[in-house]
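Structure first, then comments.
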Amino acid sequence: MSNLYSDVLLAHAKNPYGAGSVPRGAEDAEALNPGCGDEIRVKLRWTPDGALERLAHELHGCAVSAAAASMAAKRLEGKTRAEIEAMAQAFAARIGRAGFEDAWGDFQALNGIEKFPARIHCASLVWQAVERALAKGKAGTP
């Protein structure tokens, strides 16, 4: 991969799924990439049976951050907390290393990102915020 900005990545960046205003409150969290200034706030909304109904995100960042947030928002809907935690760990193990196989769908657009090391942090930003939101929700803090 010589060009990070594939059609899939650009499509997510231009029309990010789950994007919108995210007010402060329970199970919201922020993450910041100090290297480039990208920042994200996420909000997790759950169904009564404990599945993620919606991952909303408010982002000020680059195309890679926007695309990764969009992909995560779409991919995580319907998952339980435990499934999301496992996916976050699997994402961290793959990004810039093992890559994403077919089962990861659009995340395959991030294969080869290791050629652009600064962008690994951009792609990981949404996952950092999601993990913080999950931890905040478990702690029951506002």
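Tabulated values for the structure
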| item | result |
| --- | --- |
| Options A92, A103, A11; residue that is among the hydrophobic types (A, V, I, L, M, F, W, C), assigned to a helix (DSSP H, G or I) and either in contact with a Leu (Cβ under 7 Å, 6 or more places away or on another chain) or under 16 Å from S124 (Cβ atoms) (or both) | A92 |
| One residue from R119, R75 being surrounded by 14 or more Cβ atoms within 10 Å (Cβ to Cβ), over 12 Å from the mean Cα position of the chain (by Cα) and either at pLDDT below 95 or assigned to a helix (DSSP H, G or I) (or both) | R119 |
| Filter result for Q89 (of a type in the set (S, T, N, Q), surrounded by fewer than 16 Cβ atoms within 10 Å (Cβ to Cβ) and modelled with pLDDT of 95 or more) | yes |
| When residues of segment 93-116 are limited to those that are loosely packed, with under 15 Cβ neighbours inside 10 Å and under 15 Å from the mean Cα position of the chain (by Cα), the one farthest from A63 (Cα to Cα) | A93 |
| Pair list, Cβ under 6 Å, 6 or more apart: segment 84-110 residue under 12 Å from A72 (Cα atoms), other residue in a helix (DSSP H, G or I) | I84/L76; A88/W127; A88/E131; F91/W127; D106/V8; D106/M71; F107/M71 |
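The values are calculated or read from the model by the stated rules, or taken from the named source; none is laboratory data. Since we're looking at a predicted model, the values are computed, not measured. Here Cβ is always computed from backbone atoms with ideal geometry, including for glycine, and neighbour counts include all displayed protein chains.
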